[in-house]
1. List the aspartates and glutamates whose alpha-carbon lies under 13 Å from that of LYS22, not counting same-chain residues fewer than 8 positions away?
2. What full-extension length gain, to one decimal in nm, is calculated for ALA28 and VAL217 as 0.36 nm per residue of separation minus the Cα-Cα distance?
3. Considering only ALA18, ALA8, SER178, whose Cα is most displaced toward the positive end of the charge dipole of the range 7-226, charges sitting on Cβ of Lys, Arg (+1) and Asp, Glu (-1)?
4. Going by amide H atoms built from the backbone, whose H comes under 5 Å of the H on ASP36, apart from near neighbours?
5. In deg cm²/dmol and to the nearest 500, what is the mean residue ellipticity at 222 nm of the chain if only DSSP H runs of at least 4 residues count, each as -39500 (n - 2.57), divided by the residue total?
6. Any idea what the dipole of the chain comes to, in debye rounded to 20, about its Cα centre with Lys/Arg Cβ at +1 and Asp/Glu Cβ at -1?
7. What is the chain by shape, rounded, prolate or oblate, if you read a ≥ b ≥ c off the alpha carbon gyration tensor as root eigenvalues and call it rounded for a/c under 1.5, prolate for a/b larger than b/c, and oblate otherwise?
8. In the chain, if the dipole is taken from +1 on Lys/Arg beta carbons and -1 on Asp/Glu beta carbons about the Cα centre, which of THR54, ALA220, LEU201 is farthest to the positive end?
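Derivation of every value follows stated rules applied to the coordinates shown; laboratory data play no part. Fair warning: this is a prediction, and the values are worked out from it, not measured in the lab. As a convention, Cβ positions derive from the backbone with ideal geometry for all residues, glycine included, and neighbour counts pool all protein chains shown.
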Amino acid sequence: MGFGVAPATAVGTDLLYAGFTKAGGTIARGKLGSVDWRIAGFLALGSVPAALLTSMILSRYSSNGVEVDRAITTTLGVMLLVTSVALIFRHRLLTQETSFGQWLKKLRSRNSLPLTLGLGALLGVVVTLTSVGAGAFGVVALLMLYPHLPTNHLAGTDIVHAVPLTLVAGTGHAITGSVDYVLLGNLLIGSLPGIVVGSVLAHRVPEKVLRYGMGAVLFAVGVKLLA
């Protein structure tokens, strides 16, 4: 929106950028032991094939750029709205005293593995189309499926799972020419000081302020894309 980059190029470039940056996070999380490799593996079993299939479909219709851009923009707008709602109302969604919480508790008690594979497949599709989903939305979904695990383990698991997913999906976009490598390089260069500043702010700004601020921005962009 800010630089006039085509939706498909924006998504493809962001996917490869996320793959490279999250690879560093995987090493750090692995050393800290804050990764559930079993859950990450089941997510990847669902997401990687779904990403490959979605990439094949996109490459088949890549010649019809207008229709592809419209599909990506619409899906991106919806995912940003869903992610913003998940961020803002995360605690309420996870409260087991609500009817939704009780239903979710019964559902996951018997179907955690199929639900994890299904979540992976869903993330494979939406991440390939939008590059959104492997972050806030993925963590919230994992919290719903595995509330007994520490949040830092779920965040680490989500980061590890995002590496093969974003690299596979990003490679699919690269094959169709939907990656701006100059933009990718500039993003990677800018991320080095950005990570330092963000890390400092994350420890000084209250979690609720960050969560509501991110939710508001994502919601506004989602509405703009769908308008």
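1. ASP14, ASP158
2. On the way: separation 189, 0.36 × 189 = 68.04 nm, distance 2.86 nm.
Full-extension gain reported as 65.2 nm.
3. Farthest along the dipole direction, towards plus: ALA18.
4. THR157
5. Taken over the chain, the calculation gives -29000 deg cm²/dmol.
6. Values: 16 positive and 8 negative charges, 136 e Å.
Computed charge dipole of the chain: roughly 660 debye.
7. Working: a/c = 1.43, a/b = 1.30, b/c = 1.09.
Since a/c stays below 1.5, the shape of the chain is classed as rounded.
8. About the Cα centre, the residue reaching furthest to the positive side is LEU201.
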